[in-house]
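A.B. asks: One structure coming up, written as structure tokens, with questions to follow.
Every number in this text was worked out from the coordinates using simple rules, so none of it is lab data. Predicted, not measured: the structure shown is a model, and the values here were computed from it. Because the Cβ atoms are built from the backbone with ideal geometry, glycine has one as well, and the counts that use them run over all protein chains shown.
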Amino acid sequence: MRRQLFEMFGSSNDLAPETIVTRLAAASIIACFIFLSYRISHLGSIYSKKFNVSLVALTVITTTVMIVIGNNLAMSLGMVGALSIVRFRTAVKDSRDTMYIFWAITVGICCGAGDYFTAAAGSSTAFLLLLLFGQVKNDNRVLLIIRTARINEARVEAAIFQYFSRKANLRVKNTTENSVEFIYELNKKLLDRKRGGENSITDEIYSIGNIDYFNIVTQNDDISS
């Protein structure tokens with residue numbers, strides 16, 4: 001019975017130093033591709049060099065953990081228990097950052113287990129997909145924020161309705177006894193489109209009179225720190 005328990009919970013990690021170095025080297029090489037992919041996909045947006053370096057370190061650290069755990073059930077359960085009490089409060093600025101974290105962890109697990117082909121094939125596929133779609137940003141939304149007197153409520157709605165040919169969506173309408181505020185959402189291309197012989201939407205709105213402010217806000221997926 002004692003022998004069976006030792007075989008189940010005892011250490012079976014008798015890897016040679018050459019194998020350990022090979023697995024760490026493979027993880028480091030693939031981590032460089034993760035570093036490059038993150039740098040390319042975040043061109044023109046918020047890029048954190050510290051976070052990118054952390055991805056490389058995370059890959060190597062995960063590989064080291066997998067090498068240590070090996071087939072040791074007791075150690076793996078202990079590692080899960082230790083990690084379960086750790087609370088991470090770092091805010092993820094971009095939804096793509098979460099994807100890169102999982103990519104780094106997955107590569108670390110594969111390299112730590114010695115499955116280099118899966119790590120290389122999966123990383124190559126992810127690298128190509130992110131190279132094609134990684135720079136996609138949702139920055140085509142524009143908000144028009146207008147505050148005016150209540151007596152101009154109908155005129156403002158009619159001006160927006162006619163100028164954008166019914167394609168501006170009213171998202172918020174705040175009213176008080178004396179004023180009203182509109183928030184319209186529309187496509188940026190629609191706002192940038194030039195109309196021959198027509199005034200800009202700014203001129204159209206201010207020509208109504210009694211306009212407190214007219215703000216144009218461009219929305220995108222970047223969150224400033």
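A.B. asks: Using Cβ counts within 10 Å as a stand-in for footprinting exposure, how do Ser200, Ser37 rank, fewest first?
C.D. replies: Values: Ser200 12, Ser37 22.
Ranking Ser200, Ser37 by Cβ neighbours within 10 Å, fewest first, gives Ser200, Ser37.
A.B. asks: Something else: Sorted from fewest to most neighbouring beta carbons within 10 Å, what does the list Glu177, Glu153 look like?
C.D. replies: Neighbour counts put them in this order, fewest first: Glu177, Glu153.
A.B. asks: Along the stretch 141-154, what does the Karplus equation 6.51 cos²θ - 1.76 cosθ + 1.60 (θ = phi - 60°) give for ³J(HN,Hα), rounded to whole Hz, x for Gly and Pro?
C.D. replies: Rounded to whole hertz, the list is 8, 10, 10, 9, 10, 10, 10, 8, 6, 4, 5, 9, 4, 5.
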